[in-house]
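Down below is the structure, laid out as structure tokens.
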Amino acid sequence: MDYRIFPPDELIETTVKLPLSKSMANRVLTIAALAGAPTPEALTEICDDTRAMGRALTAPDAKLIDVGAAGTAMRFLTAVMAASAGREVTIDGSERMRCRPIGPLVDALRSCGALIDYVEQEGFPPLHITGQRLKGGDVTVDAGVSSQFVSALLMAGPMMTEGLTLTLKGTPVSEPYIAMTLAMMRRAGADAAVIAPGVIRVEPGGYPRPELTVEADWSAAAFWMEIQSLSSGFITLDRLSADSVQGDSAAARIFADLGVMTDFEGEEGLTELTASPDLSPRLLLDMTDTPDLVLPVAVTCCLLRVPFRFTGLRTLRIKETDRIEALCREMLKLGVELTVEGDDVMWWEGRCHPISELPEFDTYDDHRMAMALAPVALFLPGIVVRNAEVTSKSYPDFWAHLEQAGFRLTDGNEPYDPAAEEGME
């Protein structure tokens, strides 16, 4: 579906019940599966990604698992199935998934004793896995491609006969996600700790306490902070934790420089977003630990005309789409000319050119592209977001929540006359 989006007629004042964190939910599902505990079915219904995990974990006789575009499911299920003695399965995904590298994880699991074969192209899905009890031991993994490789190995570690001593090669990306994994493993009763810089030890012994809780999603909250920054309204977020294990909780700090005050002690314990007069003249940010915040922060900066320089972007090339390339293309539709240096740096000094038509944004089958671009309607009423349904990957209720906040959504394929919309002849 394509949505044409119009902003609220009045100042935004809304309360949003955020979705649960898919990152945390997928870790809970993984730990439960490795521990032989029942699958927490409520967590499988959060979004498309957790549904992909749920389908795989509740079908023990399935010979083929199709995870679609769910990258987390692909990485975590690879470890789960490799450690599941007696299980033989092929894990596949969308065409884009077949282009996303998985070689470092496969190599590391093989060194632990896993039996994994590439069905087609070396280093990429689909994978054929014959599960067995893994030995573990001393293993090195390239941590510069995806933190999910590290997390998948760590969560399998307590089930390995020798445990796991994992050495991280290169500069790790998205380190807060690794810290989240370790924190959740310990809550589940595993013995896991960083024993030296870049070295993590996981003792054998399983998960005595696999029942874990899940927080609201800070990645989803970032899009409401984007809306708050652009609207100066009054937005209240439900279920958001100030003391969070999620790395994207850094959104509160980052958006403070973009005019958003975050009060975690609002009425009834809710989190209140309000406008601040403080707007930084320029943002210089290393996004290595928070790549999922790049899109909402970058779009906000472009609309507010705040120059920026972001580093630590290399993982954006291998997300649901090449987010660096996609963002540059879509910002050109706003007349914004971004500059990219290699795979790691993007900056903008305010260079713009006039536009002659209302933008119709492509989303590239990427949920975060859709959610980051929707708030542009606050500045340009009537923009179109194509294939809007992609938000179901992480935030199925996003569009309903926008409507609740006063945004109006119409069919993006219907003819549109801006003059008629404004009541003009």
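Rounded to the nearest 20, the size of the Cβ-charge dipole of segment 19-150 about its Cα centre is 240 debye, with Lys and Arg at +1 and Asp and Glu at -1.
When the alpha carbon gyration tensor of the chain is reduced to an equivalent ellipsoid, the three semi-axes, largest first, read 39, 22, 21 Å.
The dipole here belongs to segment 122-233: it is taken about the Cα centre, uses +1 on the Cβ of Lys and Arg and -1 on the Cβ of Asp and Glu, and is about 280 debye. Note that segment 287-425 shows a convex hull volume over its alpha carbon atoms of 115 Å³ per residue. Among the listed pairs Lys135/Lys319; Lys22/Lys135; Lys22/Lys319; Lys17/Lys319, a Cα-Cα separation exceeding 24 Å is found for Lys135/Lys319; Lys22/Lys135; Lys17/Lys319.
Asp243 to Ala62: FRET efficiency via 1/(1 + (r/R0)^6), r the Cβ-Cβ distance, R0 41 Å, to the nearest 0.05? Efficiency at R0 = 41 Å is approximately 0.60. Per residue, the accessible area of the chain comes to 40 Å² when a 1.4 Å probe rolls over the protein heavy atoms. The candidates Met159, Met331, arranged from most to least accessible area with a 1.4 Å probe in the full protein assembly, appear as Met159, Met331. Annotation for Glu10 and Thr339: the two label points, set 7 Å from Cα along the Cα-Cβ direction, are 4.6 nm apart.
With the simple model of a label 7 Å out from the Cα in the direction of the Cβ, Ser356 to Glu45 spans 5.1 nm.
Using only side-chain charges placed at the Cβ, +1 for Lys and Arg and -1 for Asp and Glu, the dipole size of the chain relative to its Cα centre rounds to 1760 debye. Under 16 Å Cα-Cα from Lys169, which aspartates and glutamates qualify once same-chain neighbours fewer than 8 residues away are excluded? Answer for Lys169, where 16 Å is the Cα cut-off: Asp107, Asp138, Asp142, listed by chain and number.
The values are calculated or read from the model by the stated rules, or taken from the named source; none is laboratory data. Because the structure is predicted, anything quoted here is derived from the model rather than measured. Note: ideal-geometry Cβ built from the backbone for every residue, glycine included; neighbour counts use all protein chains shown. For the accessible areas, the whole protein counts, side chains as well, though only heavy atoms, and no ligand, DNA or RNA atoms are used. Shrake-Rupley method; radii C 1.70, N 1.55, O 1.52, S 1.80 Å.
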